[in-house]
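This report refers to the structure that appears directly beneath it.
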Amino acid sequence: MTTINGGEAVYRVLKANGIDTVFGLLGGSMLELYDAMYRGGEIAYVGARDERAAGHMADAWARMTGKPGVVLGAQAGPGVVNIVTAVAEAHLAYSPLVVIAGAITRADQAKDTFQEVDQVALFAPICKRSLMVTDPSRLAPMLEDAIRLANTGRRGPVVLHVPRDLFAADVPEFVPAPINIARAGPAVEIDIAAIAELLARAERPVIFAGGGFKWGAGREALTVLVDKLEVPVVASTGHADVMRHGHAWFAGQAGPRGNRVASRLTKEADVMVVLGARLGFNSTFHSHDYVGAETRIAHVDIEGSAIGRYFPAEIAAQGDARLTAEILTGYVTRPTCDPWREAFRADMASLAAERAEEAALDTLPMHPRRALAEIRATLPEDAIVTLDTGNTCLQAADRLAHYAPMSLITPLDFGLVGFGLAAAIGAKAAAPDRPVVAVMGDGAVGYTMIEIQTAIQHELPVTIIVLDNQAWGAEKAYQQEFYGGRLLGAEIQSPRFDRFAELCGGKGIWVDGPGGMGSALQQAIASNETTVIQARIDPGALMTLRKDLFKAPQKD
């Protein structure tokens, strides 16, 4: 009987399932897998400088490709523990991440061995499943199960812990077949007919579209439905690319991180059809400030437990967003709601005028909204934007333009600072022909700045825009508004990240003030080199989001 080792078995399963890129940081727990990838030569490896960053890269790669992103925790103990943040991020983003986590050898387990921690228990609360492989013959089948589970139903991370000795163990040679992932169908037609009837009678209808359209490649289906209905559409938080920017009926992102027009629509609508979204906290604060108390809701999502969970659903249906939209298009008629349409057009024109005023701000230091306006005007239509969390990115959330499908990647519900740079590298690995731009604050870049070297070493050129206000802006805003301006820990001293990029072998551009961001971004993208654009922005131009968390402003 011909045999192969466990590392080769893992390589074959990944290759058979179209995983052409994996991310990780080299460690001693799975060198047989690294050797198999070297000898096989058909899976690219991107080696990060921190396992957390490798996980974010794999997360972004998964969102761009629709395949599970694979990250190698190649060192048992500390290397694997470093991935916890990335797994928690993917868990709350419903991103299909497969972590192949090295573990100590079976013979050394439960002996307080060097680098021994209970990895299975550590990850269990933050993933779909955390499993230890105990038999060499089960390694390949359990990896196949992990891929299937990560990318089925509501997607999410799966962590497979593999003892060091299993990668070296012999297993019978095999040729794996691709896994056939079962896909959910549309909502049942009786519910679809009821939704169409609800829309037909609506006076103030709105479509609330979420990430389900992105995972299901459903942007065209959504657009066709909306063009037939001619009613406003809003996007859930982090999914402002669910329709093309500038579409006549697209209002942009709704909710506390959205714009005032989209948020007014969801509050004042008499009928809201929710497709591929949860109406979760990030999009609604679970509050009638963002969803009208009297709004009649039809709710369709791939995950049954999400439907009607936060706001009562008059029609509750489980199904895939794209397939439901395609069938719903055949049922709907254009509702009679012209006053609602006219009010929407007027509000969008007013919002456009506000954004034009922001583009003319000429203060020094530069206002962040002026910088964002220049970025918006300069981004190519096929650009991919990654955002971080923080005060600057809060202002960026609905101020950038996204034209092509899959153009926006954000931390979503984990609210993670330090996500954007690594995510940009993963997105570039998935879409090498598209420009990728990370928009971040200076605090966020400090978390993962060494990954600039990763982008350069692996020839994955990205542009990193650092909007530098020398502060942890979100917390500074709260300290100013609610704590009498008593600042402790809020102000930081950031280095010249543009010069750091040059030390790494990339390009750096310093923007002095208004008018320089657009040309800098054009130059960076045209160079096709990893470039850091750093701009000092007004440290006082902050905004607060969660006023409900604090008591009235406290005086000295």
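Read-outs throughout are calculated quantities, based only on the coordinates presented, and are distinct from any laboratory measurement. None of these values were measured; they are calculated from a predicted model. Please note: Cβ atoms are built from the backbone with ideal geometry, for glycine as well, and neighbour counts cover all protein chains shown.
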*Quick one: dipole size for the range 189-346, taken about the Cα centre, charges +1 on Lys/Arg Cβ and -1 on Asp/Glu Cβ, in debye to the nearest 20.*
480 debye
_Can you tell me the length gained on complete extension of the stretch GLU357 to ASP20, counting 0.36 nm per residue apart and subtracting the Cα distance?_
116.7 nm
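Going by the alpha-carbon gyration tensor, a ≥ b ≥ c the square roots of its eigenvalues, is the range 345-481 rounded (a/c under 1.5) or, if a/c is not under 1.5, prolate (a/b greater than b/c) versus oblate? Provide the component values of the computation, followed by the final result.
Values: a/c = 1.88, a/b = 1.24, b/c = 1.52.
It comes out oblate by the Cα gyration axes.
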*Counting only residues 5 or more places away or on other chains, whose amide H sits under 5 Å from the amide H of GLY252 once H atoms are built in the peptide plane?*
ALA235
*Got a sec? Charge dipole of the range 167-280, +1 on Cβ for Lys and Arg, -1 for Asp and Glu; which of PRO232, GLY258, ILE190 is way out at the positive end?*
GLY258
*Roughly how many debye, to the nearest 20, is the charge dipole of the range 3-172 about its Cα centre, given +1 on each Lys and Arg Cβ, -1 on each Asp and Glu Cβ, and no other charges?*
560 debye
*How high is the relative contact order of the chain, in percent, counting Cα pairs under 8 Å that sit 6 or more residues apart?*
13 percent
*asked:* Can you classify the range 364-414 as rounded, prolate or oblate using the Cα gyration tensor, where a ≥ b ≥ c are the square roots of its eigenvalues, rounded means a/c under 1.5, and otherwise it's prolate if a/b beats b/c and oblate if not?
replied: oblate
*How do ILE43, ILE464, ILE452 rank when sorted from fewest to most other Cβ atoms within 10 Å of their own Cβ?*
ILE43, ILE452, ILE464
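Looking only at the chain, where both bridge partners belong to it, what percent of the DSSP beta bridges are antiparallel (to the nearest 5)?
Among the beta bridges of the chain, antiparallel pairing accounts for roughly 5 percent.
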*Among ALA316, SER305, THR333, pick out the residue whose Cα is farthest towards the positive end of the charge dipole of the range 289-388, where Lys and Arg carry +1 and Asp and Glu carry -1 on C-beta, about the Cα centre.*
THR333
*Residue order, fewest to most beta carbons within 10 Å, for VAL133, VAL445*: VAL133, VAL445
*Quick one: which residues, 5 or more positions from ALA438 or on another chain, have an amide H under 5 Å from its amide H? H modelled 1.01 Å from N in the peptide plane, none for Pro or chain starts.*
THR386, THR463, ILE464, ILE465
*Theoretical ellipticity at 222 nm over the chain - DSSP helices of four or more residues, -39500 (n - 2.57) apiece, nearest 500*: -11000 deg cm²/dmol
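Any chance you could run the full-extension gain for ALA377 through SER527? It's 0.36 nm times the residue separation minus the Cα-Cα distance, nm to one decimal.
My answer for the length gained is 52.1 nm.
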*If you plug each phi of the range 412-418 into the Karplus form 6.51 cos²θ - 1.76 cosθ + 1.60 with θ = phi - 60°, what whole-Hz ³J(HN,Hα) values come out, in order, with x for Gly and Pro?*
6, 6, 7, x, 8, 8, x
*With contacts defined as alpha carbon pairs under 8 Å and 6 or more residues apart, what's the relative contact order of the range 189-346 in percent?*
31 percent
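Which percentage, to the nearest 5, of the DSSP beta bridges contained in the range 3-172 is antiparallel?
10 percent
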*asked:* Give me the dipole magnitude in Debye, nearest 20, for the range 360-547 about the Cα centre, with unit charges on the beta carbon: positive for Lys and Arg, negative for Asp and Glu.
replied: 320 debye
*Span from the the range 261-275 Cα centroid across to the the range 346-425 one, whole angstrom*: 23 Å
*Express in nm, to one decimal, how much length is gained between MET1 and ASP170 on full extension, taking 0.36 nm for each residue of separation and deducting their alpha carbon distance.*
59.8 nm
*Whichever aspartates and glutamates have a C-alpha closer than 16 Å to that of LYS428, once near sequence neighbours (fewer than 8 apart) are set aside*: ASP20, ASP59, GLU381, ASP382, GLU451, GLU459, GLU529
*Could you name the aspartates and glutamates whose alpha carbon sits less than 16 Å from that of LYS267, not counting residues in the same chain fewer than 8 places away?*
GLU203, ASP289, GLU294, ASP347
*For the range 3-172, what does the alpha-carbon gyration tensor say about shape, rounded, prolate or oblate, given a ≥ b ≥ c as the root eigenvalues, a/c under 1.5 as rounded, and a/b over b/c as prolate?*
rounded
*asked:* Defining a contact as two alpha carbons under 8 Å apart and six or more residues distant in sequence, what relative contact order in percent does the range 3-172 show?
replied: 28 percent
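If each residue's Cβ is checked for other Cβ atoms within 10 Å, how do SER130, SER519, SER283 rank with the fewest at the top?
Least to most surrounded, the residues fall as SER519, SER130, SER283.
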